[in-house]
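Colleague: Got a structure for you, written out below as structure tokens; questions coming shortly.
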Amino acid sequence: MKLARKIIIALIAGIVVGLILNLFAPGIFGVADKYLFKPLGIIFLNLMKMLVIPVVFVSIALGTIGIGDPKKLGRIGGKTLGYFLATTAIAIVIALSLALMLKPGAGGDFDTSGANYEASEAPPVTDTLLGIIPTNPITAMAEGNMLQIIFFAALVGFGIAMLGNRVERVTELLEQTNELIMYLITFVMKFAPYGAFGLIASAVGSQGFDALRAMGMYMVVVLGALLIHSIVVYGGSVSLIGKRNPVWFFKNFFPAQVVAFSTASSAATLPISMKTAQEKLKVPESISSFTQSLGATINMDGTAIMQGAAVVFIAQAYGIELSMGQLLTVVLTAVLASIGTAAVPGAGLIMLAMVLTSVGLPVEGIALVLGVDRLLDMVRTAVNITGDAACAVVVAQTEGVLGDPDDDRVPASTGTV
């Protein structure tokens with residue numbers, strides 16, 4: 001929590017500095033952004049991303065070893081996938097409802113004639129699913145293909161679990177590697193306040209107050225939907241299914257949320273997110289490694305909320321009335337796209353382009369929301385990783401392995417499920 005306070009102070013300082021330079025010294029901001037803000041942010045992001053692949057591989061392998069039984073692994077995978085799909089559908093319904101109620105694009109004077117955006121083409125869902133199996137695991141790691149890495153790591157863990165004592169030294173090596181990675185995460189997090197300051201100062205300073213004011217109502221809808229979803233859906237599932245106090249959950253997971261907000265990257269936040277869930281939320285590593293690694297790849301509740309709000313906003317800006325059938329199409333398309341575009345860089349905007357196309361809205365309208373998307377993306381990322389952690393708590397509780405919140409010990413990483 002001491003680190004979280006430092007990061008919050010850095011975020012506030014970054015917002016203040018970014019706005020002041022944008023308003024009163026834009027020339028100085030350009031120089032500071034180039035030589036100070038962006039370098040600080042990039043250095044921290046690269047340090048975190050450097051650890052992502054080792055964390056995912058080692059954690060998934062150890063988690064699979066801990067689960068051992070293929071039936072249990074399939075059951076946990078089914079619960080995880082079901083949770084993510086259900087919460088994604090609820091997220092976009094909340095966003096659509098709030099946007100239809102507040103009408104963010106109805107009263108503004110938006111120049112749709114000059115809007116221009118060229119959407120990237122998303123691969124077919126079948127290609128994404130078939131591409132889960134890597135032809136070369138080393139290439140998958142080099143390219144950061146998370147689904148392929150997860151598949152290979154789970155396969156390695158399954159093999160080690162089946163061989164048992166014959167490969168116990170390999171298990172010891174993975175466990176010792178995991179301890180090393182956790183130490184490196186703790187070390188890298190000492191730089192988090194500086195990285196947070198640079199990232200938020202760059203984001204706020206480049207957008208400026210005018211852009212935020214012009215898109216104010218749209219931002220209110222997105223932020224409101226994100227807040228409702230976090231409290232009602234995540235807090236509710238943690239309370240009703242996870243049998244834990246939602247206040248306890250949010251308080252203990254707060255440090256990871258702060259890091260996610262500053263980095264705007266679920267993948268970059270994954271190491272600290274998993275460490276926090278295991279140490280503070282008492283989720284066994286065998287559950288945490290699987291659910292949170294998978295969630296960082298396919299759980300896009302925050303993005304789904306953005307899509308719902310953006311679809312209604314763009315339709316209202318263009319003066320187009322959406323029918324109930326089109327709204328249902330938005331929900332279905334967004335839920336399916338959350339898996340179909342999981343491994344694609346810039347998946348959020350590709351998903352939005354797919355959703356807009358499915359209901360006949362102009363894809364060029366994405367240009368209207370791009371101005372503030374960077375800032376909203378920071379909040380969306382914090383919500384996404386919160387969903388991953390909530391899923392880990394729920395799955396661990398339903399498997400009967402969630403640790404006692406009053407116990408200071410970290411739940412065992414292997415052989416507990």
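Colleague: Quick one: dipole size for the chain, taken about the Cα centre, charges +1 on Lys/Arg Cβ and -1 on Asp/Glu Cβ, in debye to the nearest 20.
Modeller: Values: 24 positive and 26 negative charges, 174 e Å.
So the dipole magnitude of the chain works out to roughly 840 debye.
Colleague: Ranking request for peptides 236-244, 194-202, 318-326: highest mean number of other beta-carbon atoms within 10 Å first, then the rest in descending order. Don't skip to the answer; put the middle values down first.
Modeller: Values: 236-244: 17.7, 194-202: 25.6, 318-326: 11.9.
With the highest mean Cβ count within 10 Å placed first, the list reads 194-202, 236-244, 318-326.
Colleague: Could you tell me how many degrees, from 0 to 90 and to the nearest 10, lie between the Cα long axis of helix 2-24 and the main elongation axis, the longest principal axis, of the Cα atoms of the chain?
Modeller: The answer is roughly 20 degrees.
Colleague: Next question. Specify the angular offset, from 0 to 90 degrees and rounded to the nearest 10, of the alpha carbon long axis of helix 246-263 from the longest principal axis of the alpha carbons in the chain.
Modeller: 70 degrees
Colleague: Using a 1.4 angstrom probe, figure out how much accessible area the chain has per residue, in square angstrom, rounded to the nearest whole. Walk me through the numbers before you get to the answer.
Modeller: Values: 17920 Å² over 417 residues.
Value returned for the chain: 43 Å² of accessible area per residue.
Colleague: Also, quick follow-up: Of the listed pairs 2/49; 79/190; 6/280, which have alpha-carbon separations greater than 26 Å here?
Modeller: Details: 2/49 23 Å; 79/190 35 Å; 6/280 19 Å.
Table pairs above 26 Å Cα-Cα are 79/190.
Colleague: Right, next: Given a 1.4 Å probe and every protein chain left where it sits, what share in percent of the accessible area of the stretch 216-327 is carbon and sulfur?
Modeller: 68 percent
Colleague: Using a cut-off of 17 Å between alpha-carbon atoms, which lysines can reach residue 282, once sequence neighbours fewer than 8 places away in the same chain are excluded?
Modeller: 243, 251
Colleague: Separate question: Would you mind classifying the stretch 28-86 by shape? Square roots of the alpha carbon gyration tensor eigenvalues, ordered a ≥ b ≥ c; an a/c under 1.5 is rounded, otherwise it is prolate if a/b is larger than b/c and oblate if not. Walk me through the numbers on the way to the answer.
Modeller: Details: a/c = 9.42, a/b = 2.60, b/c = 3.63.
It is oblate, given that a/c is not under 1.5 and a/b is not larger than b/c.
Colleague: With each run of n ≥ 4 DSSP H residues scored as -39500 (n - 2.57), what mean residue ellipticity at 222 nm is computed for the chain after dividing by its residue count and rounding to the nearest 500 deg cm²/dmol? If you can, show how the numbers build up before the last one.
Modeller: Working: 18 runs with 312 residues, N = 417.
Helix contribution divided over all residues of the chain: -25000 deg cm²/dmol.
Colleague: Ok, one more. Per residue of the stretch 308-315, in order, report the coupling 6.51 cos²θ - 1.76 cosθ + 1.60 (Karplus, θ = phi - 60°) as ³J(HN,Hα) in whole Hz, putting x for Gly and Pro.
Modeller: So the J values, rounded to whole Hz, are x, 5, 5, 4, 5, 4, 5, 4.
Colleague: Let me ask you something else. Please state the relative contact order of the chain as a whole percent: Cα pairs under 8 Å, 6+ residues apart? Before the final figure, lay out each step's value.
Modeller: Working: 653 pairs, mean separation 138.3, N = 417.
After rounding, I find 33 percent.
Colleague: Would you kindly find the accessible area of residue 5, with a 1.4 Å probe and non-protein molecules such as ligands, DNA and RNA excluded, rounding to the nearest 10 Å²?
Modeller: About 140 Å², ignoring ligands and nucleic acids.
Colleague: While we're on this one: How far, in degrees from 0 to 90, does helix 192-214 lean away from the longest principal axis of the Cα atoms of the chain, to the nearest 10?
Modeller: Approximately 30 degrees, to the nearest 10.
The values are calculated or read from the model by the stated rules, or taken from the named source; none is laboratory data. The shown structure was predicted, so the numbers you read here are calculated from the model rather than taken from an experiment. Glycine also receives a Cβ, built like all others from the backbone with ideal geometry; neighbour counts cover every protein chain displayed. For the accessible areas, the whole protein counts, side chains as well, though only heavy atoms, and no ligand, DNA or RNA atoms are used. Shrake-Rupley method; radii C 1.70, N 1.55, O 1.52, S 1.80 Å.
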